[in-house]
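What follows is a set of notes on a single structure, which appears directly below.
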Amino acid sequence: RKEVEQDPGPFNVPEGATVAFNCTYSNSASQSFFWYRQDCRKEPKLLMSVYSSGNEDGRFTAQLNRASQYISLLIRDSKLSDSATYLCVVWRGYQKVTFGTGTKLQVIP
Amino acid sequence: GAGVSQSPSNKVTEKGKDVELRCDPISGHTALYWYRQRLGQGLEFLIYFQGNSAPDKSGLPSDRFSAERTGESVSTLTIQRTQQEDSAVYLCASSPGLAGQETQYFGPGTRLLVL
């Protein structure tokens, strides 16, 4: 089993829709969690950290469920500019950072 | 301030040649990572440097791959006797290396094509 697993998609959603991605992790010792965004042929960039209590940044909401070992990302009111690949990142220490393979989102006009 | 920079941005080489990729991390960042990303694939961890500690080389795919870092500055990734399967984007990331500051900041990558 992979340490971090994501549905590769693609998720094709119309503008204005709400879309959610999940990411599961296998190691219960995982400490910190992040969502990164990667545009086509670009480097990954931090979208948001994921806190135990859940956190929101504008249209984006991240949740952590330690009991079930998954994190989620919810995007409301999708924009064309949200089209990208979303990478789940699990951190167990500086030497134990694992990136998921990403979920591709395509927002359609 | 300046972000992570990498050079060259693109490199085309012939099978069997050696290549050297360079990464300049954000000033003051003690942690530095190299990743490989093949077309349409996820990030594959290669090596991690933290300050003056011995690097974690556990992700290097073969002994043709090596990396160095001088103190907390520039890092170079060297691939000897390149093979076609080495074709990928090589990404470098740096991080402050402090508790609570695990965010990695990526450079634009070096696109390597081995013919």
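Observations
- Counting only strands (runs of 3 or more DSSP E) that sit wholly inside region A:44-103, those with at least 2 residues that are out of contact with any Cys (no Cβ under 7 Å at 6 or more places or on another chain), away from chain B (no Cβ under 14 Å) and closer than 30 Å to B:R38 by Cβ are A:60-65, A:70-75.
- Just one residue in the set A:V50, A:V19, A:V4 is over 30 Å from B:S5 (Cα atoms) and surrounded by 14 or more Cβ atoms within 10 Å (Cβ to Cβ); that residue is A:V19.
- Evaluation of B:T70 against (1) surrounded by fewer than 14 Cβ atoms within 10 Å (Cβ to Cβ); (2) modelled with pLDDT of 95 or more (one fails), failing number: (2)
- For B:L32, the conditions (1) out of contact with any Ser or Thr (no Cβ under 6 Å at 6 or more places or on another chain); (2) in contact (Cβ under 8 Å) with a residue 40 or more places away in the chain are fulfilled apart from (1).
- Any chance B:R111 is in a strand (DSSP E or B), within 12 Å of the chain's Cα centre (by Cα), farther than 27 Å from A:M48 by Cβ and within 13 Å of another protein chain (Cβ to nearest Cβ): yes
- For the residues B:S87, B:S75, the requirement of being under 11 Å from the mean Cα position of the chain (by Cα), at pLDDT 95 or above and more than 14 Å from chain A (Cβ to nearest Cβ) singles out B:S75.
- Residue match in region A:27-43 (condition: out of contact with any Cys (no Cβ under 6 Å at 6 or more places or on another chain), at pLDDT below 95, in a strand (DSSP E or B) and away from chain B (no Cβ under 11 Å)): no
- Yes/no for A:G9 being over 16 Å from the mean Cα position of the chain (by Cα), outside any strand (DSSP E or B) and on the phi > 0 side of the Ramachandran plot: no
- Extreme residue, surrounded by the fewest Cβ atoms within 10 Å (Cβ to Cβ), among residues of region B:31-61 that are at the interface with chain A (Cβ under 9 Å from one of its Cβ atoms) and in a loop (DSSP other than H, G, I, E, B): B:S58
- Under the condition of being without any contact (Cβ under 8 Å) to a residue 12 or more places away in the chain and either buried (at least 21 other Cβ atoms within 10 Å of the Cβ) or of a type in the set (D, E) (or both), the residues counted in region A:53-109 number 3.
The values are calculated or read from the model by the stated rules, or taken from the named source; none is laboratory data. Only a predicted model underlies this, so the values are computations on that prediction, with no experimental measurement involved. When we count neighbours, we look across all protein chains shown, and the Cβ atoms used for this are built from the backbone with ideal geometry, even at glycine.
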